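Remarks on the structure that follows.
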Amino acid sequence: MGKRPPCDRPTSSRRRLLALAGALGLAGCSQLPPKNDDATPTTTRTTTTETTTTESATVETQATTESPEPAQEALVAEVPIQRTEYSYTELPYEKRPQFFGAFRESAPECRTSVDALDSVPNLIPATVDGETGHFPLRTTRWLLRCLHCYRTQGDEGYLEKAQEMSQALVDDAAVGENNGLYFSYRLDKAGSSADLKAPWYSGMCQGVGLSAYTYFHELTGEEKYKGLAERVFQTFKSVKRTADGPWTTMVDPDGYYWVEEYPFEPPTHVLNGYCIGIWGLYDYWLHTKSEESKRLLDAAVTTIQQYAEDWRVPGKVSYYGLDGHRRWQLGQTERYPDPYRGNDYYHGVHLIQLDKLYQITGNDYFREVRELYESDDPGDMS
């Protein structure tokens, strides 16, 4: 199934389940979007920039999915990172996963009148446990809304509002390694087993912001927005930290690259936020076609392919983050008395995200594992 197990991690039972699912031909969920008609299934191959010995995967099914083993290469900051090279489908704008997700099957619409923008603050707040502060995920998503309306309606008012919000967002941001631009959460928040204190930063928000500034440059051609997109992209490259400061990406001991929705020690590895970070890398690669963005996108997708079955709970909703069960397996019940388990809503989100990974990669593994998730629990996205 295209998985390469980390050292001493058993996978045979999961492979048997995948084989069984393939044999039974599990049906697709009616709530999922139709498969992309423009997507041509593609194969993947392992990058050969270094000689790496890997063990062959044993697939117990007649309908095998030929997927490569990840090869280890020095990707960024001289940190060895596991990477499989994928051939990506270039989805048209209206089918890209960021912002619109896949919750509705029709083309995205502009649902905000230009006159209504006067009442929208330039920095969107949230209130958590009685504390109110800037919640940059909301601000970056509003940037996407304004830019989409400008793209489809042509009214300069949408662009002007997006520019105002952008300036406020940049003024409020933190600067990390190599001038990387991190969007600052200005209120405390718990997420999975993490307990984060303001200011903190999120790879999920960085992904939405990367898409927003990529679209800014795509729509306007202004070098200013190209530069801002590059500064946000820089945060995805900052995996070797030598000093205190903002961070949203990491490399685990096995060399797998992670985009963290809630950067914390020990890591939470939240699937939903990770995928939204990937959508930003995908948009940036689509626009720039740079080899650097391709390698980093490859590394991010490689990690999902490696660990997709670890979020799964046969017969139940999937885990929200990997910390939800790993800490209990380690007997750390005192420190994590009530880890966030996940629910039907996020299980449905995982179905959608796995389907999007299949659409952009053409890799059958993501289709097959999505079908397994679907067989466990149909989810409830209502």
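Some observations on this one:
- Matching option when the condition is touching an Asp or Glu at 6+ places or on another chain (Cβ under 6 Å) and either modelled with pLDDT of 95 or more or aromatic (Phe, Trp, Tyr) (or both), among 214, 220: 214
- Per the listing 299, 308, the residue uniquely among the hydrophobic types (A, V, I, L, M, F, W, C) and either out of contact with any strand residue (DSSP E or B) (no Cβ under 8 Å at 6 or more places or on another chain) or over 16 Å from residue 234 (Cβ atoms) (or both) is 308.
- Count of residues meeting criterion [hydrophobic (A, V, I, L, M, F, W, C), crowded, with 17+ Cβ neighbours inside 10 Å and either modelled with pLDDT under 95 or assigned to a loop (DSSP other than H, G, I, E, B) (or both)] in segment 101-127: 3
- With respect to the conditions (1) within 22 Å of the chain's Cα centre (by Cα); (2) closer than 30 Å to residue 251 by Cα; (3) among the acidic types (Asp, Glu), residue 94 lacks only one, and its number is (2).
- Condition broken by residue 230, with the remaining ones in (1) part of a helix (DSSP H, G or I); (2) under 24 Å from residue 122 (Cα atoms); (3) touching a residue at least 24 places away in the same chain (Cβ under 8 Å) satisfied: (3)
- Residue 265 falls short of the stated requirement of being crowded, with 17+ Cβ neighbours inside 10 Å, without any contact (Cβ under 8 Å) to a residue 12 or more places away in the chain, of a type in the set (Asp, Glu) and not in a strand (DSSP E or B).
- Spans of helices (runs of 4 or more DSSP H) in segment 130-226 with at least 2 residues within 25 Å of residue 272 (Cα to Cα), under 19 Å from the mean Cα position of the chain (by Cα) and of a type outside the set (Gly, Ala, Ser): 136-153, 203-220
- Every pair of residues 6+ apart whose Cβ atoms lie under 7 Å, when the first sits in segment 173-199 and is free of Cβ contacts under 8 Å to residues at least 24 places away in the same chain while the second is among the charged types (D, E, K, R): 197/188
- Residue in segment 240-260 that is touching a residue at least 24 places away in the same chain (Cβ under 8 Å), buried (at least 19 other Cβ atoms within 10 Å of the Cβ) and acidic (Asp, Glu) present: yes
The values are calculated or read from the model by the stated rules, or taken from the named source; none is laboratory data. All values derive from a computational prediction rather than experimental measurement. Glycine also receives a Cβ, built like all others from the backbone with ideal geometry; neighbour counts cover every protein chain displayed.
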